[in-house]
Every structure is written in structure tokens, then in C-alpha cells.
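The values are calculated or read from the model by the stated rules, or taken from the named source; none is laboratory data. None of these values were measured; they are calculated from a predicted model. Note that each Cβ is placed from the backbone with ideal geometry, even for glycine, and that neighbours are counted across all protein chains shown.
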Amino acid sequence: MPNNKWDEGYIESMLGDFPAIQDRRPKEEVYSRLAKKPPTQKRQRNWLPLLVAVLAFITVGILIASILSQNGIDSANEENASDQSAENAITSSEPDGNADSNSAAVSIQGESQETEESADFSSAQTAELNRSAVYENDLNDATLFTIGLTENAYVIPVSFLIPNDQIEKDFESGTPNSVDLYKQYASNLDEQALGFDDYHPYAGTITKTDNGAAHMLPSDHKYDEASASIGVYIASIQETFKDIEEVAVLNEDGTPAEFGQVGPMEPIQTGTENVAYHAYTTAAGATYLLPGYGMSFGSAAEAVESLSASPSDFQQATVPEGTSFAVTETEELVEVQFTDPFDFESLDPSAATRMIESLAFTAQSFGKKIQLSNTAQEQWNEFDFTQPIAAPVAPNKLEWPLQ
């Protein structure tokens, strides 16, 4: 290697400078390590091809079984069809009279079933559309008994139709008035069973007088405990003795009774005037028409218009929300003109009936009748919309419970 410093002597000198390599491990350790075999990785078996083969075998087996089963069903159907054809051939060979008889029987059975279904539907429809107020034609064979029942400090006017046969047995002397009816039946009414509070009969005694009636109160009566108690008492008197102009409220000595918050009581004028009839739902879930005691209106038109809104949290509107209508009023008539044809079939039958009767009672409290115009039906549930609605006699008819 000419001209190069990397000659052999230099290389040997440099290698000599490297540190000596030493292995201080004992021979036994080295031999032990050499004797150990390196771990071998186990080969994982691949089950996927085997699994696919098994599934394919099962699938083929199912298909074969299905084909064999279908062939058996087809064969059975063919046999049944052959048997049916033979039976039809035998049947067709029978006399025509039997065939006509069977056909007639089927026809009669079908007509009978249709008649029963029609009767059932008619009965259900009649029950569903039954009006909730008392009308003049209801009094042909019954006597009207009205009473103001209470619930949650509200007075609900309720009407009962007592069969005249019962009236004749209970009142041999003649036709009873509201005082007679009250004294005979009020104490036997189970108000709680009817869904109301236990309020009647009144404390004290009620008698008929030349000027109307008198309620003689005991000294320990509770009718003036609060303003709400006084309001309930007055409203119940107004609804219970409608055929009497006024009821005097007296002490046992015959002097006018003094109610703590109002002083001496003036005679109570019965009936309600110039009010609107909204809906009221009791805690039991029954809905009644309720006059707005103490909330009189200046005109019938104003009262009718208020029926589309709820006057309180406990009373509901009877005219559906969003219904557009105009009200005109004359001396004898209140006319409600709907902007769009009003379809009473679009409402629940009870709600539709309640709407019509609330309009009629509201107009009646002003001494007028109600006329509904631009309705989708000319007649509905015995109401004739081509003329003023027949004036109802009393609201909230209930079944007489004391027969």
C-alpha cells in the first residue's frame, strides 16, 4: 500500500490499542444458556373453512327437506281438490228445491243480522245523542224537581223527572210545588253518590207563604261562616225554588236573619237573570252547565259571545275555540250567524249538545230565544236549526234515584 499511512504496522499497532474482550461469566452459565431451546410459536388452526363447510352442509339439508315437504303438501292439495270436486258433483245432483231453501236460509240469516246491527247502531246513536236538559215534552208524564247541588263551593242546578205515578202516591192532596217536593225528597237524596257534596237538607224549616216561601234558620246555622258560604247558600235557594218569586230568610222568631258579613238578609229572588251558562266539570268527571252567579251581562249578545272563552279555571267555554260567528239581538231573539258552516258532527255529541243548550239557556236568561244560522245540518239531535231553538225548561237532567 504505497503512499498510504494505513500500512500493516500501523494497523497492528492500532488494534493493539483496543481493550481486551473479556467474558467473566462462568462456563456453566454459558453452557446452560446454550442448552435452552428458544420458544417456538404454536401454529393457530384456522377453523373458518371448516365452519363454512358445516354451514353449507346444513343449508343444503334444509333446502332438501323443504322441497320434499312442499311436494307432500302439493300432493295433499291435489287429493283434497279431487275430493271437493266429487262432493260438488254430488251436491249439484241434488234437487233444486234444497238449493233454493239453503239460499233462502242464508238470505234470511243475513237480513236478520243486518237488522240487528242496524237496531244496535240506532239504539247506541240515540243514547249517545240524548239531550241533557229538560224540555216541555218531557213533562207529559213526569213532574219536574229542581235542586241546587254543590261541589267545590259551586252550585250546580240539577233537574229530576219524577214519574207522575209516584207523585200521585206521595201527594194525595194535589199537585205539589217546589217547597212540597223539597220537603218530601231532599233528605233522601244521596248527594255524594251523585258526585256532589253533602249539603241538603237545609238546617231549619222551609214553609210556603203568601209571598213565596220562608226559610227559618236555627241560631247555630253555618250559612254565614264566610262570603263563599253565603254565596253557595243564596245560589242553592235560587236554583231549588224556581217556581217561587222569593224566599225570606228568617230567624226562629220570624225576624229577618242577620248574616255576619252582610247584615239583615233581604228576601232572595229566585232564578238567575242576564247570565251566561258555561261548562263545569266535577271532580268525578261529570260535566254540567253552570250559570254565572253574580256575573251579569248588559246584553244577551255580550253574554253569548262570552261562551267562546273560559271565565275561570273551573269553568270551560262551550263554543269551540276558533269558531267565528256574529251575534245580532232583537227584543225577542238572539241570532248566532256562523262565518263558516258549523258542523255539529265534528264535535263529540255531548259537547255539541252542551254547546246548543248553553246558547239557549244564556238567551233564555234574558227572556229571549236563540236562532243558529249557517249550520251544516238543518236538523240534529232533535234540534231544528231552521227556526229558533225550543226553549229548555231546566238544565242538567239526571235520572231520578228514588223510585
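In table form, for the structure just shown:
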quantity: Residue that is modelled with the lowest pLDDT [pool: residues in the range 216-247 that are among the hydroxyl-bearing types (Ser, Thr, Tyr) and part of a loop (DSSP other than H, G, I, E, B)]; calculated: Ser219
quantity: So Tyr182, is it surrounded by 14 or more Cβ atoms within 10 Å (Cβ to Cβ), over 26 Å from Leu359 (Cα atoms) and at pLDDT 95 or above; calculated: yes
quantity: Residue within the range 373-383 that is within 22 Å of the chain's Cα centre (by Cα), outside the structural domain of Gln166 (by the TED database), part of a loop (DSSP other than H, G, I, E, B) and not β-branched (Val, Ile, Thr) present; calculated: yes
quantity: Subset tally (residues that are part of a helix (DSSP H, G or I), aliphatic (A, V, I, L, M) and surrounded by 16 or more Cβ atoms within 10 Å (Cβ to Cβ)) for the range 126-179; calculated: 2
quantity: Complete set of residues in the range 148-207 that are of a type in the set (Phe, Trp, Tyr), closer than 28 Å to Phe314 by Cα and touching a residue at least 40 places away in the same chain (Cβ under 8 Å); calculated: Tyr154, Phe160, Phe196, Tyr199
quantity: Residue check, Ile370 within 16 Å of Ala133 (Cβ to Cβ) and in a helix (DSSP H, G or I); calculated: no
quantity: Glu345 vs. criteria of a type in the set (Asp, Glu), modelled with pLDDT under 95 and over 22 Å from Gly231 (Cα atoms); calculated: no
quantity: Residue within the range 359-374 that is farther than 16 Å from Ala301 by Cβ and surrounded by 22 or more Cβ atoms within 10 Å (Cβ to Cβ) present; calculated: no
quantity: From Thr330, Thr386, Thr353, residue being out of contact with any strand residue (DSSP E or B) (no Cβ under 9 Å at 6 or more places or on another chain) and at negative phi; calculated: Thr330
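Matching residues to (1) among the aromatic types (Phe, Trp, Tyr); (2) over 17 Å from Ala203 (Cα atoms):
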site: Glu225; (1), (2): no, no
site: Ser229; (1), (2): no, no
site: Met265; (1), (2): no, no
site: Ser308; (1), (2): no, yes
site: Phe314; (1), (2): yes, yes
